[in-house]
1. Per-residue counts of other Cβ atoms within 10 Å, averaged by peptide: what ranking do you get for 107-117, 155-165, highest first?
2. Determine the sum of side-chain charges near Phe72: Lys and Arg each +1, Asp and Glu each -1, restricted to other residues whose C-beta is under 14 angstrom from that of Phe72.
3. Sorted by packing (mean other beta-carbon atoms within 10 Å per residue), highest first, where do 76-87, 93-104 land?
4. Over 21 Å apart: what share of the alpha carbon pairs of the stretch 66-166 falls there, rounded to a whole percent?
5. Residue-wise, which Karplus ³J(HN,Hα) couplings in Hz belong to the stretch 152-161, taking 6.51 cos²θ - 1.76 cosθ + 1.60, θ = phi - 60°, and x for glycine or proline?
Amino acid sequence: MSASRRQAPRSVTLAISANSISALARQASSRYSRCSATYPGQAALLTGVANLVRLHTRHPALQRNEISFFYFHPQFDDNAGCRVFGYARTAGNGIGNTGQVIVLANMGAEKFPVYVIPNWPWGGRPLTEAATPGAPGPMPPPVPVYDGISNSLTLALDAFQVRVFTS
C-alpha cells in the first residue's frame, strides 16, 4: 500500500459493566478529592460526570441501544456552519415519549445565550437536566422553555457544551 493511502480507522467495541463504570467513577472521585490544586470548574465537572455515570447505570433508556437523531442545525454540514445537534436514547419507544434521555450538543466555539430548537418532539412534557459537564464559562444554563404555539424549545448552549435531559 502506498504511503499516501490511509486505512480507515477500525472500530472497537468495549464491553464495560455498570459496576465497572461505578467503580471507575468512585476511584476518579477519590483521586480528584485528594488534589491539592483547585481548578476553576473542577467541582462542577466532577459532579456532572458523577451524575452522568449514575444516569448511565440506572436509566432504562441507556440499557438499550436505540438512538434517534432529531435535530441538526440547518448549516451543520457547511464548513463554517454551527455544530449543534440533538439525539435521544429512546428505550425502544417512538421519539417524544417519556422515559427517554435527550442530548443537546454544541460542538462549536460559538456561544448561544438563546438557541431555539424547532419541532420539539416532547412537546410540553417536563424535562429534568441530568448534568451539564464541560460548561466552564460564565453562562449559567437557564431552564429550557417550551413554546406550545411554535412547538419549539428555547435554551442556552455554551461553546462546546452538552446538555443532557430526561423526559
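1. Working: 107-117: 14.4, 155-165: 20.3.
Taking the mean over residues of other Cβ atoms within 10 Å, the ranking is 155-165, 107-117.
2. Working: positive: Arg83; negative: Asp77, Asp78.
Net charge in that neighbourhood comes out at -1.
3. Details: 76-87: 14.1, 93-104: 17.5.
Most protected by this proxy first, the peptides run 93-104, 76-87.
4. Working: 1510 of 5050 pairs.
Looking at the stretch 66-166, the distances longer than 21 Å represent 30 percent of pairs.
5. Listing the rounded values in order: 10, 10, 10, 8, 9, 10, 7, 4, 6, 9 Hz.
Read-outs: derived from the displayed coordinates by stated rules, not from any lab. What you see is a predicted model, and the numbers here were worked out from it, not measured in a lab. Every residue, glycine as well, gets a Cβ built from its backbone with ideal geometry; the counts of neighbours run over all protein chains shown.
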